[in-house]
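Here is the structure we will look at, set down as structure tokens.
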Amino acid sequence: MPSGPYDADAVEEKWQDRWLEEDTYAYRGGEADDPNTAFSIDTPPPTVSGSLHWGHVYGEVLRDIVARFNRMQGEAVYYPFGYDDNGIASERLTERELDIRHQEFSRREFQQKCREVCAQYEDEFTENMQSFGFSINWDNTYRTIEPRVQRISQLSFVDLYEQGKEYRQRAPAIWCPECETAISQVETEDDEQDSHFHDISFDVVDPESAGQEEFTISTTRPELLPACVAVFVHPDDEENQHLVGEEARIPLFGHEVPIIEDDRVDMETGSGIVMCCTFGDQTDIEWYQAHDLDLRVAIDESGHMTDVAGEYEGLAAADAGEAIVADLEDAGALLDRRAITHTVNVHERCGVGVEFLVADQWYVELLDSTEEYLEAGREMDWFPEKMFSRYKHWIEGLQWDWCISRQRSSGIPFPVWYCADCDEEIIAEKADLPVDPLSDDPPVDACPACGHDEFVPEDDVFDTWATSSLTPLINAGWDWDEAAGEYTMENPELFPMDLRSQGHDIISFWLFHTLVKCYEHTGEVPFDSVMINGMVLDENRKKMSKSKGNVVSPQEVKSQFPVDAARFWAAGSAIGDDLPYQEKGLRAGEKLLQKLWNASKLVDSLTPETPPEMAPADLSALDRWLLAELDGEAEFVREKLENREFSKARDSLRSFFWGTFCDDYLEIAKQRVREEDDVGGSEAPAGQSEASASDADSAKYTLAVAHRRFLKLFAPMLAHITEEIWQEMYGEARRAPDASGEAASTSDGGFESVHRTSWPEPTGIDADHEAGETAMAVVGALRRYKSERQLPLNAELDTVSVYGEIGGFESDIRNVMHVGTLETLETEPQVESVVTGIDLDYSVVGPEYGGDVPDIEAGIENGEYDIDDDGDTLRVAGHELAPEEFTVERERQYTGEGEMLEADGALVIVQA
């Protein structure tokens, strides 16, 4: 081992390069002929619309721990990476980078520009990801815009179309006026915004029939007045029931609309009378459909007013709203305007409030299969289980089928043409995919329905989630086999995938849509298990945001701390919970790296290149105990990693390594080995039995076995330092058989990586857990005794008596601590509880005893007091104090011969 402290910068870069050169983490498909030996991970393909952030790194660390752990279980791990480089995110990135608009180019020209911009960002993103040492199969990187994936995405469309699960319909769709495209329900989110409630007076067309001339409607969107097509009253609204059947005149615009009753009216909002506009929200759409209302579109695709708005035509909707309010006030129709805060439905991508427009769109049916999708979700193992409720609530709250049409340029085209005469849908042949209808001809010369020979290409593209929801099938190589007439998979052992790992923020986006697509295509649930991680927050548990100035970049952290320290920190959260960024967690990781490095150097100095061969029966009791305890720890860590309880695995392993091994056992073993060296090798020290001559060999064997096991246990979390130490101590230059008989595999033609070794199997060694722990505590107490008295550790102690269970470990204690006579006590030594101080509660004593307090203090100081045996009453200075007025401090004192030491589970009497 090199001298000096651990140089993380040099080590981490070295192994990142070496792992890539050696293809250490390549997926070995040949090993996975049996699907049970393959472990496949479905990873979220990030968009490249920005730089690497902690959300990427945090989630990837947890995935990487799972991947490394499962490799060590002997499984062929498929751990791919992908880029979601089609859709709105890529398009907006390209427009921003090149200062252009997609409308200025043909689709093919603009897509080429998108690919060029995305390629630059992807290269940088890949380099940054590789600098964190993730064990990704980089050869299995895919891009959602590449031809192979385009084919799979279009095949998905064709298959669902043939199943009758897709339809095209002119209907209200959720529309983003900023991005100028339809979006799905999953792409919206609620945003609290400041607004105003406007009380507006509406005239009744026939006041004599209605018995009143006007009524009030409250609205936050006066710009929708020209789109009003009806007024609604709740059937239970007795106060306004007489208006039902009448007609109302819309202020400023003058058109007349019916007044109808409907139980979807919220009587608690505003006046209880509401207007229906086409369209302001989902309820408006339901009323429009249920009551066969007129259609008045006042806002266009770009968020500007149409000719329906009259003199307000061409104004942005917000500006039109302000102008309409001013004109209502001039007309005397604005009764009140008050500030409010309310929830607005916005596009999650750009933050702009959505509109509802009527357009031709393609949909995937969801609402008729929600129970199936809910049941399919129950078939998967959820880590943590509580995240299933989010999936369940999303399905139960679905109101729309999935709109997969997008009016954009960057995306995968619909493989569809329409007859120019009868609008018959012409679907591309599977063998021809991928196609672009804007440049490719349809598969027929004439319409099969009417015989017309002219066609109109579909110019919409797929929603990006329509493609990224296919990642399990993309990874498995799903395709249509023309000769066999069926769908097949190139790598069937990968599907269903063993693990879907993702953040909780995209359960409704990615996870749900993936389940829908894969379930409909294969009839199977696409994952065996789902692992949901939280978000990285700032130190104050606030969401990181550029606008708040609290974003911490991973590259910035990497410049200050080792990557393995960041991995240690990331493993410290309960899965599913949000994790606050805290430098103290990184510093704790850094300290552990140095501890592991220093301990390894010490083990290296104490053990030969080839450890001695030892049978379990020949080991000292203390050594058997350490290896038995380590067996238990290895099994605990295995169990916690299998259950994705990363923090429990991390904390337990760190505690056992730092406390039990380094602080206790390693110090004892060091003393045993060095004492043998001091007396010239394997001869027994004077005064000790011949059997103890092998004590140092026992310690060396145990150190070697334990150290190798610790490196393997730490390897999934501390990837770089474990590789460095493994190669220094057990690599090609010093390769020796594992003292515990465990084999290690090598990368093809490469080196023996610790990450390709097998997880530690139990040694099968038995030991008395409690007696061993007590014996270690006794040794620790005796070491402290010698240290505090500045005695050398090999100083002879005449007699040591132990009250506590140390059966079988007497010889170890005697030899390690150089005890002449060691005896165990059947009865507890004479120990008295002595009062060492009395603390008064002055908040009670002061008001109660006033001027006598100094006398009470003096009595306590001089020992002139009496305390009941039960400690409930203190008699001092002529007063009796109740238990709530004082606290007694006590200390256990030994009254026999020698000096008593307290150890966990034992009392130790030393007679030097």
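With labels modelled as points extended 7 Å from the Cα through the Cβ direction, what inter-label distance (nm, one decimal) is found for Cys450 paired with Glu396?
Placing both labels 7 Å beyond Cα along the Cβ direction yields 4.8 nm.
Could you work out how far apart the two model spin labels at Arg337 and Glu239 are, taking each label as a point 7 Å from the Cα in the direction of the beta carbon, and quote it in nm?
My value for the distance between the label points is 2.5 nm.
Whose amide H sits under 5 Å from the amide H of Phe81, counting only residues 5 or more places off or on another chain, with H placed in the peptide plane?
Long-range HN contacts for Phe81: Asn140, Thr141, Tyr142.
Keeping every protein chain in place, order Lys584, Lys712, Lys670 by accessible area at 1.4 Å, biggest value first, i.e. largest first.
Sorted descending by solvent-accessible area, the residues read Lys584, Lys670, Lys712.
Would you mind calculating the relative contact order of region 69-190 from Cα pairs under 8 angstrom and at least 6 residues apart, reporting the percent as a whole number?
30 percent
Thr216 to Met1: extension gain in nm, 0.36 nm per residue of separation minus the Cα-Cα distance?
69.0 nm
Once R0 is set to 30 Å, what does the formula 1/(1 + (r/R0)^6) return for the Cβ-Cβ distance between Ser51 and Asn140, expressed as a FRET efficiency to the nearest 0.05?
0.80
With each label point set 7 Å from Cα along the Cα-Cβ vector, what nm distance links Ser605 and Glu116?
For Ser605 paired with Glu116, the spin-label model returns 6.1 nm.
Of Glu313, Glu823, which has the most accessible area with a 1.4 Å probe, and how do the rest follow in descending order?
Glu313, Glu823
Could you tell me the accessible area of Ser553 in Å² (1.4 Å probe, neighbours in place), rounded to the nearest ten?
Its accessible surface works out to 40 Å², give or take rounding.
Please list, in order along region 372-388, the HN-Hα scalar couplings obtained from phi with the Karplus expression 6.51 cos²θ - 1.76 cosθ + 1.60 (θ = phi - 60°), rounded to whole Hz, x for Gly and Pro.
Using θ = phi - 60°, the values come out as 4, 5, 5, 5, 4, x, 5, 6, 8, 7, 9, 10, x, 4, 4, 6, 4 Hz.
May I ask for the angle, rounded to the nearest 10°, between helix 317-330 and the longest principal axis of the chain, with both axes built from Cα atoms and the value confined to 0 to 90°?
Orientation of helix 317-330: about 60 degrees from the principal axis.
Would you mind getting the accessible area per residue of region 109-192, heavy atoms of the protein chains only, 1.4 Å probe, in Å²?
Value returned for region 109-192: 39 Å² of accessible area per residue.
Given a Förster distance of 41 Å, report the FRET efficiency between Asp766 and Glu22 from their Cβ-Cβ distance, rounded to the nearest 0.05.
Given R0 = 41 Å and the Cβ-Cβ separation, E is 0.55.
Given the pairs Lys648/Lys712; Lys386/Lys712; Lys601/Lys648, which span a C-alpha to C-alpha distance of over 29 angstrom in this model?
Beyond 29 Å: Lys386/Lys712.
So what are the ³J(HN,Hα) numbers for region 163-176, from phi and the Karplus equation (6.51, -1.76, 1.60; θ = phi - 60°), rounded to whole Hz, Gly and Pro as x?
Values per residue, Gly and Pro as x: 7, x, 8, 10, 8, 10, 8, 8, 7, x, 10, 6, 10, 9 Hz.
Summing -39500 (n - 2.57) over the DSSP H runs of n ≥ 4 in the chain and dividing by its residue number, what mean residue ellipticity at 222 nm do you reach, to the nearest 500 deg cm²/dmol?
Dividing the helical sum by the residues of the chain leaves -10500 deg cm²/dmol.
For Leu825, what residues show an amide H to amide H distance below 5 Å, using hydrogens built from the backbone and excluding near sequence neighbours?
The answer is Val802, Tyr803, Gly804.
Using θ = phi - 60° and the Karplus curve 6.51 cos²θ - 1.76 cosθ + 1.60, what whole-Hz ³J(HN,Hα) does each residue of region 488-498 get, with Gly and Pro shown as x?
Result, ordered by residue: 10, 10, 5, 10, x, 5, 8, 10, x, 6, 6 Hz.
5 Å is the cut-off here: which amide hydrogens, built 1.01 Å from N in the peptide plane, fall below it relative to Trp382, excluding neighbours closer than 5 in sequence?
For Trp382, the qualifying residues are Val530.
Note the angle between two axes, namely the Cα long axis of helix 621-642 and the longest principal axis of the Cα atoms of the chain, as a number of degrees from 0 to 90, rounded to the nearest 10.
0 degrees
How much of the accessible area of the chain, in percent, comes from carbon and sulfur atoms when a 1.4 Å probe is used?
That share works out to 42 percent.
With a Förster radius of 60 Å, plug the Cβ-Cβ distance of Ser647 and Glu208 into 1/(1 + (r/R0)^6) and report the FRET value to the nearest 0.05.
The pair Ser647/Glu208 has a calculated efficiency of 0.20.
Using 0.36 nm per residue of separation minus the Cα-Cα distance, give me the extension gain between Ser439 and Asp505 in nm, one decimal.
20.0 nm
Where only protein heavy atoms count, and the probe is 1.4 Å, what is the accessible area per residue for region 586-675 in Å²?
It amounts to 37 Å² per residue over region 586-675.
Could you tell me the accessible area of Glu239 in Å² (1.4 Å probe, neighbours in place), rounded to the nearest ten?
150 Å²
Taking a probe of 1.4 angstrom, what is the accessible area of Asp498 in Å², to the nearest 10?
30 Å²
How would Arg638, Arg249 rank on accessible area, largest to smallest, probe 1.4 Å?
Result of the area sort, largest leading: Arg249, Arg638.
Quick one: what does P(r) look like for region 5-164 with 10 Å bins over all Cα pairs, in whole %?
The calculated distribution, bin by bin, is 9, 30, 31, 21, 7, 1, 0.
Could you give the length gained by full extension between Glu861 and Ser787, i.e. 0.36 nm per residue of separation minus their alpha carbon distance, to one decimal place?
That pair, Glu861 and Ser787, stretches by 23.2 nm at full extension.
The values are calculated or read from the model by the stated rules, or taken from the named source; none is laboratory data. Since the structure is predicted, the reported quantities are computational estimates derived from the model, not experimental observations. Glycine gets a Cβ as well: all are built from the backbone with ideal geometry, and neighbour counts include every protein chain shown. Quick note on the areas: whole protein, heavy atoms, side chains included, nothing else; ligands and nucleic acids left out. Shrake-Rupley method; radii C 1.70, N 1.55, O 1.52, S 1.80 Å.
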